[in-house]
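Heads up: the structure comes next, in structure tokens.
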Amino acid sequence: MSERHPDTAAVHAGRLAIPLNRASSPPLFQASSYEFADLADVEAIYAGVKQGAVYGRYGGPNAAQFESAIAELEGAEAAAGAAAGMSAIHAAVGTALTPGATLLATQELYGGTFALLENDYRKAGVRVEYVDQQNLGEVAAALASLRPGVLYVEALTNPLMNVADLPALARLAHDAGAALIVDATFATPALCRPLDFGADLVVHSVGKYLGGHGDVGAGVVAGRRDLIEAIRGRLVRTGATMPHFEAWLALRGLRTLALRMERHSRNAAAVARYLSTVPEVAAVHHPSLHAAQRELVARLYPSGTGGIVAFDLAGGSAAVDPFLRGLETIAIVHSLGEVATTISYPAVSSHRPLTPQARQALGVSDATLRISVGIEHEADIIADLARAFAGLAERVRA
Ligand code: PLP
């Protein structure tokens, strides 16, 4: 190469310093644009005939790696990464709905999804209706009368941990000509693969268990290739594809998903058992305690049901703040699925968009707390909860 001016070298130098043998863990490709060898290269890469990247918003190598990992884990033909769980949900629902179609959603819905359906879909003219996903008779009747384009459910509901009967819901949806979309954020493919039970699309908030360390903001949707390619188109057009670094972090988190979910599940079951013995607790919500769902849990979740446990304080809403102040290591966090145990108060966090009446109707009271049980030693998690229960009555009076 001819000698060049330092100004030019500063711009171009070092570009060949890429090892040609494969790195043992995925490198981060923090580039927003890629070079083409010639116009044939441009055409081949755009047509997907040759593997390659074009431009950041279209998705980069790290997102492609994460997507292929999720597709394999979910048993899907393809997956599309998104900027957030909400972008994945929006792209999946928006793509599956045809003009004039109705959307039938579970009433036990993550508050952000409820806000999306109400503020963006209903206001745009989509008919949005809700149903109790646990009541299959009600679901069948709603499907028959509304003939929706999409039935949208949550695999494990937030925060009460009801278990959706996915095989039955898929059958009912398909008999009525609807597509079934499942939010499986709480379950992850380590515990349950909705596509195996007939779902058309599965969506996740990646920042929860898939990423697992409380440092990722992203989403993903998996399913049939033709649906995913349509969804990807929408994500690209709306600038909602998965950022490179988030994809890199998420894939790193995925490596320990199976181990983490096993420990989350075991610890959460232990916490549920402990809470059932505490006099200051009026009710505990965990699949191991839902007697009517025992057979379903065994069939759909043979390896456990993840880290979420909810409970109602016997002292009502007046006991919530004094209880939270009694915790030392369990932090108040408006997310879940991290390695550390965290707690949230759904009335002011995930279920904030709902009226108190709507929350009550779902069984989420002003005394309901949700624990995202981490992977610490179970004795230390229970000890912190016990600390908060000890002296709770005095702190309520104070
Ligand atoms: N689905 C569930 C069950 C959630 O808990 C959340 C977020 O808390 C979302 C979807 C939305 O995901 P994100 O915050 O990544 O947009």
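In debye to the nearest 20, how big a dipole does the range 39-254 give about its Cα centre with +1 on each Lys and Arg Cβ and -1 on each Asp and Glu Cβ?
Computed charge dipole of the range 39-254: roughly 440 debye.
Given the range 228-287 reduced to its alpha-carbon atoms as identical point scatterers, what log10 I(q)/I(0) does the Debye formula return at q = 0.15, 0.19, 0.20, 0.30 Å⁻¹?
Taking Cα atoms of the range 228-287 as identical point scatterers yields -0.71, -0.79, -0.81, -1.11.
Give me the number: length gained by fully extending Thr98 to Asn21, i.e. 0.36 nm times residue separation minus the C-alpha to C-alpha distance, one decimal in nm.
23.0 nm
Roughly how many whole Å is it from the C-alpha centroid of the range 120-163 to that of the range 215-240?
22
For Tyr130, enumerate residues with amide H under 5 Å from its amide H, sequence gap 5+ or separate chain, H modeled in the peptide plane.
Ala105
Quick one: Karplus J couplings for the range 93-108, per residue in order, coefficients 6.51, -1.76, 1.60, θ = phi - 60°, nearest Hz, x for Gly and Pro?
Ordered by residue, 3J(HN,Hα) equals 5, x, 6, 6, 7, 9, x, x, 6, 9, 10, 10, 10, 4, 6, 8 Hz.
Output the peptides 264-271, 349-356 sorted from most to least packed, where packing is the average of other Cβ atoms within 10 Å over each peptide's residues.
264-271, 349-356
Would you please put 315-325, 369-379 in order of how densely packed they are, using the mean number of other Cβ atoms within 10 angstrom per residue and starting with the highest?
The densest-packed peptide leads the list: 369-379, 315-325.
Report Rg(Cα)/(2.2 N^0.38 Å) for the range 184-311, keeping two decimals.
The value comes to 1.22.
Enter the angle in degrees (range 0 to 90, nearest 10) between the Cα long axis of helix 257-275 and the first principal axis of the Cα atoms of the chain, meaning the one along which they spread out most.
10
Rounded to the nearest 5, what is the percent of antiparallel bridges among the DSSP beta bridges in the range 94-167?
Of those bridges, close to 10 percent are antiparallel.
Rounding to the nearest 20 debye, state how big the charge dipole of the range 257-397 is about its Cα centre with +1 on each Lys and Arg Cβ and -1 on each Asp and Glu Cβ.
Around 260 debye, computed over the range 257-397.
Using +1 at the Cβ of each Lys and Arg and -1 at the Cβ of each Asp and Glu in the range 20-106, identify which of Tyr55, Ala88, Leu20 lies farthest towards the dipole's positive end.
Selected residue: Ala88.
Given only helices, namely DSSP H runs of n ≥ 4 each adding -39500 (n - 2.57), what is the per-residue ellipticity at 222 nm of the chain, to the nearest 500 deg cm²/dmol?
That calculation yields -11000 deg cm²/dmol at 222 nm.
Out of all Cα-Cα pairs in the chain, roughly what percent, to the nearest whole number, are more than 36 Å apart?
Considering the chain, 29 percent of its Cα-Cα pairs are separated by more than 36 Å.
Out of Asn62, Asn21, Asn158, any idea which swings most in a Gaussian network model of the chain, alpha carbons joined below 10 Å?
Asn21
Grab the Cα-Cα distance for His5 and Arg352, subtract it from 0.36 nm times how many residues apart they are, and report the gain in nm with one decimal.
Result for the pair: 119.0 nm of gain on full extension.
Quick check for me: using +1 on Lys/Arg Cβ and -1 on Asp/Glu Cβ, what's the dipole size of the range 166-283 about its Cα centre, in debye to the nearest 20?
The dipole of the range 166-283 has a size of about 280 debye.
Give, in nm to one decimal, the length gained when the segment between Asp38 and Ser335 is fully stretched (0.36 nm per residue of separation minus the Cα-Cα distance).
That works out to 102.3 nm of additional length.
Every number here is computed from the coordinates shown, using simple stated rules; none is lab data. Not measured: the values here are computed from a predicted model. Reconstructed Cβ throughout: ideal geometry from the backbone, glycine too, with neighbour counts over all protein chains shown.
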